Amino acid sequence: MTHTYYRIPTPALRAKSLRIAQVSDVHFSRSTGHGKNMRTIAELCESMQFLRPDVIAVTGDLVSRDTGPETIVDAVKCLNELRNFAPVLYTYGNHEADLAPEKLHKLTKAAQSADITLLNNRTITVGGANFSGFVLPYDCYKNNTGGYSQLRECTAQDIYGALGIREKTATVLLAHSPMGLAAYAQWGADVVLSGHVHGGIVRMPVLGGILSPERKFFPEYSKGQYHMKRTEMIVSAGIGKLRFGNPAEVVCVDLFLEQGR
């Protein structure tokens, strides 16, 4: 598991600096197995002990849609362990949206009992910045037949409807899919933390990520830092799922207040 670092100047930050560790797309599932899940948790704890973040952002797909009761127990144990290092903010992704209602209810109640902040379409303030979690409309991921053609584009109006007007304080937006960057920038996020694309699954020199979960070749945003207007978006390659030339990663984002602003 690698660590990828970013430093982003943030004029409206109400602190000198703020370190965020991003954990994305862990995909605990029946197929990963309890032993592998425990190894993943141990590796994440080692990362947090090394990074010493001020806040931990979990940007969706902590579990896969085929998760079972025992996997949810492992996922909540992961959240509990992470909570020992810093406040944990968790925003749901498309796999949480795909869970059967009883499984989603169990995951939600267990996360709340573990003192995890579920940041689904709401905003809180941590360490001198606002953190907003936006759950994309489901038809941005799949169409009404469960396929991937003619998907709806996320709009700024979707975000305004979910979160309201962005405040003047530095704002970090947790949004599982990076495909809505234009909308995130129009809404006015300073920093966006996304995942979803798994780094393109297979990464090749020069070409970058090869395939998105929507079965699109060479996705525009697959891994790394992207800029639009005043918005910086960081896309994590995530941790779970099959991958090649594309190691699992924990992202570390250091926000800092620029001198003279």
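A few notes on this one:
- Each principal axis of the chain carries a Cα extent, and these read 52, 42, 39 Å when sorted largest first.
- Annotation: F134 carries an accessible surface of approximately 0 Å², with a 1.4 Å probe and no ligand, DNA or RNA atoms counted.
- Taking packing as the residue-averaged number of other Cβ atoms within 10 angstrom, the listed peptides 25-31, 65-71 run from highest to lowest as 25-31, 65-71.
- On a per residue basis, region 139-221 carries 46 Å² of accessible surface, using protein heavy atoms and a 1.4 Å probe.
- Heavy-atom accessible surface of the chain: percent carbon and sulfur, 1.4 Å: 53 percent
- Among residues other than G188 with Cβ under 15 Å from its Cβ, the summed charge is 0 (Lys and Arg +1, Asp and Glu -1).
- Along each principal axis, Cα extent of region 156-261, largest first, Å: 41, 33, 23
- Taking each of K168/K216; K77/K223; K36/K223; K16/K223 in turn, the alpha-carbon distance tops 32 angstrom for K168/K216.
- DSSP finds beta bridges in region 1-127, and of those with both partners inside it, around 0 percent are antiparallel.
- Per-residue surface analysis assigns M1 an accessible area of about 80 Å², computed on protein heavy atoms at 1.4 Å probe radius.
- A Stokes-Einstein calculation at 4 °C with viscosity 1.567 mPa s, built on the Kirkwood radius of region 1-71 over Cα pairs, returns a diffusion coefficient of 92 µm²/s.
- Dimensions of region 70-162 along the principal axes, based on C-alpha atoms and rounded to the nearest Å, stand at 43, 37, 16, largest first.
- Mean sequence separation of contacting Cα pairs (under 8 Å, at least six apart), scaled by the length of region 197-261, corresponds to a relative contact order of 29 percent.
- For P247, net neighbour charge (Lys/Arg +1, Asp/Glu -1) across residues whose Cβ lies under 14 Å away: +1
- Beta bridges by DSSP in the chain, antiparallel share as percent, to the nearest 5: 40 percent
- Alpha carbon convex hull of region 1-150, volume per residue in cubic angstrom: 135 Å³
The values are calculated or read from the model by the stated rules, or taken from the named source; none is laboratory data. Here the structure is a predicted model, which means the values were calculated and not measured. Using ideal geometry, Cβ is built from the backbone for each residue, glycine included, and neighbour counts are taken over all protein chains shown. Note: areas computed on protein heavy atoms with side chains; ligands, DNA, RNA excluded. Shrake-Rupley method; radii C 1.70, N 1.55, O 1.52, S 1.80 Å.
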